[in-house]
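Asks: The structure is given below, and queries will be raised subsequently.
The values are calculated or read from the model by the stated rules, or taken from the named source; none is laboratory data. A quick note: this is a predicted structure, and the numbers were derived from the prediction, not measured. We place every Cβ from the backbone using ideal geometry, glycine too, and count neighbours over all the protein chains shown.
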Amino acid sequence: MEEGRGPFADYLRSRGIVVAPRGRSTVEWLEATGLLACRPLLIHCVTAGLRDFETAHRHGATVAHCPWSNAVLGHGRAAFSAMRRAGVVVGLGTDSVVAGGRLDLFAEARLAALGLEGGLSARELLRLVTADGAAALGLPRLGTLEPGAWGDLAAVGLVAPAFAAAADPEAAVAWGATASDVVFAAVAGRVVFDRGQWPGVEIEDERAAYARATAAATAVSREVVPRGMFAWS
């Protein structure tokens with residue numbers, strides 16, 4: 001955006017699209033065009049710095065932080081500490097299975113906390129994938145357990161050997177749970193998962209589903225988007 005170069009610029013030029021240096025960061029450009037006033041959800045932000053996040057916060061924009069995807073695709077590490085210092089509301093995302101993720105928000109949260117100045121408490125880590133995620137999407141009354149909130153709930157079983165010595169259930173979930181430890185989930189009061197079963201959902205043959213997912217990922221990587229085009233910069 002600033003210098004008119006990089007993988008995004010190369011890809012656009014390969015399609016005959018003129019790319020001119022803007023002399024400003026993406027966030028600064030969004031502010032100048034008035035788009036930042038729409039309070040958008042900014043994705044990835046791997047090249048944004050403290051000044052960008054302060055600008056985003058001033059306009060009420062939020063961030064979807066996807067550390068696992070950024071690592072797998074080799075785009076770099078977003079400045080999560082700078083986001084927090086600027087006061088930006090941050091929610092965690094997986095970016096999708098195609099981008100190399102496992103759809104495991106527990107793993108995303110722990111990866112986000114690595115190297116973070118001052119670290120995160122167990123409660124702060126869990127907020128990233130619950131209340132903070134809902135706030136980043138601008139969805140009130142989600143991500144909390146209280147009267148009037150949505151009937152969304154995920155229950156984690158602490159029966160795996162790794163939890164044997166856990167004295168604090170909150171810390172055990174925050175630092176040790178994985179997606180496979182979830183035993184129950186409800187959305188808007190409707191049970192969608194219960195101990196390995198998906199009430200009301202027809203599950204196709206597992207091998208067929210895996211083959212379809214593999215074919216889709218291959219098509220994306222080879223024909224739709226070249227490497228380096230996934231990340232919002």
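Asks: Exactly one condition in (1) out of contact with any helix residue (DSSP H, G or I) (no Cβ under 6 Å at 6 or more places or on another chain); (2) surrounded by 14 or more Cβ atoms within 10 Å (Cβ to Cβ); (3) modelled with pLDDT of 85 or more is false for VAL156; which is it?
Replies: VAL156 satisfies all of (1) out of contact with any helix residue (DSSP H, G or I) (no Cβ under 6 Å at 6 or more places or on another chain); (2) surrounded by 14 or more Cβ atoms within 10 Å (Cβ to Cβ); (3) modelled with pLDDT of 85 or more except (1).
Asks: Turning to a different aspect of this structure: Output the residues belonging to segment 162-176 that are under 19 Å from LEU111 (Cα atoms) and either out of contact with any Gly (no Cβ under 9 Å at 6 or more places or on another chain) or part of a strand (DSSP E or B) (or both).
Replies: Our first condition is that a residue be under 19 Å from LEU111 (Cα atoms); within segment 162-176, this holds for 162, 170-176.
Selection gives GLU170, ALA171, ALA172, VAL173, ALA174, TRP175, GLY176.
Asks: Would you check which residues across segment 58-71 are in a helix (DSSP H, G or I) and more than 13 Å from ALA112 (Cα to Cα) and list them?
Replies: ARG58, HIS59
Asks: Any idea which of (1) part of a helix (DSSP H, G or I); (2) in contact with a Ser or Thr (Cβ under 8 Å, 6 or more places away or on another chain) is the one ASP10 doesn't satisfy?
Replies: Of (1) part of a helix (DSSP H, G or I); (2) in contact with a Ser or Thr (Cβ under 8 Å, 6 or more places away or on another chain), only one is false for ASP10: (2).
Asks: Criterion first (assigned to a loop (DSSP other than H, G, I, E, B), among the basic types (Lys, Arg), surrounded by fewer than 18 Cβ atoms within 10 Å (Cβ to Cβ) and free of Cβ contacts under 8 Å to residues at least 24 places away in the same chain) does ARG5 satisfy it? First the steps, then the outcome.
Replies: Numbers: assigned to a loop (DSSP other than H, G, I, E, B): yes; among the basic types (Lys, Arg): yes; surrounded by fewer than 18 Cβ atoms within 10 Å (Cβ to Cβ): yes; free of Cβ contacts under 8 Å to residues at least 24 places away in the same chain: yes.
Spelling it out, ARG5 is indeed assigned to a loop (DSSP other than H, G, I, E, B), among the basic types (Lys, Arg), surrounded by fewer than 18 Cβ atoms within 10 Å (Cβ to Cβ) and free of Cβ contacts under 8 Å to residues at least 24 places away in the same chain.
Asks: Which residues, counting only those in segment 111-152, are touching a strand residue (DSSP E or B) at 6+ places or on another chain (Cβ under 7 Å) and of a type in the set (D, E, K, R)?
Replies: Of everything in segment 111-152, those that are touching a strand residue (DSSP E or B) at 6+ places or on another chain (Cβ under 7 Å) and of a type in the set (D, E, K, R) turn out to be ASP132, ASP152.
Asks: Something else: Taking the options VAL27, VAL46, name whichever one is touching a Phe, Trp or Tyr at 6+ places or on another chain (Cβ under 9 Å) and either basic (Lys, Arg) or modelled with pLDDT under 95 (or both).
Replies: One residue alone meets the criteria, VAL46.
Asks: Please find, within segment 110-153, the residue that is modelled with the lowest pLDDT out of those that are touching an Asp or Glu at 6+ places or on another chain (Cβ under 8 Å) and not hydrophobic (A, V, I, L, M, F, W, C).
Replies: Checking each candidate, the answer is GLY143.
The rows are residues; the columns are (1) surrounded by fewer than 12 Cβ atoms within 10 Å (Cβ to Cβ); (2) on the phi < 0 side of the Ramachandran plot.
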residue	(1), (2)
ALA166	no, yes
VAL173	no, yes
THR178	no, yes
ASP181	no, yes
ALA188	yes, no
VAL191	no, yes
ARG207	yes, yes
TYR210	yes, yes
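Asks: Another question, if that's okay. So, in segment 166-213, how many residues would count as being more than 22 Å from LEU128 (Cα to Cα) and touching a residue at least 40 places away in the same chain (Cβ under 8 Å)?
Replies: Number satisfying all stated conditions: 1.
Asks: Here's another thing I want to ask about it. Scan segment 72-100 for residues that are touching a residue at least 40 places away in the same chain (Cβ under 8 Å), touching a strand residue (DSSP E or B) at 6+ places or on another chain (Cβ under 9 Å) and in a loop (DSSP other than H, G, I, E, B) and jot them down.
Replies: Answer for segment 72-100, where residues must be touching a residue at least 40 places away in the same chain (Cβ under 8 Å), touching a strand residue (DSSP E or B) at 6+ places or on another chain (Cβ under 9 Å) and in a loop (DSSP other than H, G, I, E, B): VAL89, GLY93, ASP95.
Asks: Tell me, which residue of segment 30-57 that is out of contact with any helix residue (DSSP H, G or I) (no Cβ under 8 Å at 6 or more places or on another chain) and not in a helix (DSSP H, G or I) is surrounded by the most Cβ atoms within 10 Å (Cβ to Cβ)?
Replies: So, considering only residues that are out of contact with any helix residue (DSSP H, G or I) (no Cβ under 8 Å at 6 or more places or on another chain) and not in a helix (DSSP H, G or I), the one surrounded by the most Cβ atoms within 10 Å (Cβ to Cβ) is ILE43.
Asks: Hey, another quick one. Going by what's in this entry, would ASP10 be described as in contact with a Phe, Trp or Tyr (Cβ under 8 Å, 6 or more places away or on another chain) and either acidic (Asp, Glu) or loosely packed, with under 15 Cβ neighbours inside 10 Å (or both)? Reasoning before the result, please.
Replies: Numbers: in contact with a Phe, Trp or Tyr (Cβ under 8 Å, 6 or more places away or on another chain): no; either acidic (Asp, Glu) or loosely packed, with under 15 Cβ neighbours inside 10 Å (or both): yes.
It is false that ASP10 is in contact with a Phe, Trp or Tyr (Cβ under 8 Å, 6 or more places away or on another chain) and either acidic (Asp, Glu) or loosely packed, with under 15 Cβ neighbours inside 10 Å (or both).
Asks: Can you tell me which residues in segment 104-116 are closer than 21 Å to THR62 by Cβ and outside any helix (DSSP H, G or I)?
Replies: Of everything in segment 104-116, just one residue is closer than 21 Å to THR62 by Cβ and outside any helix (DSSP H, G or I), namely LEU116.
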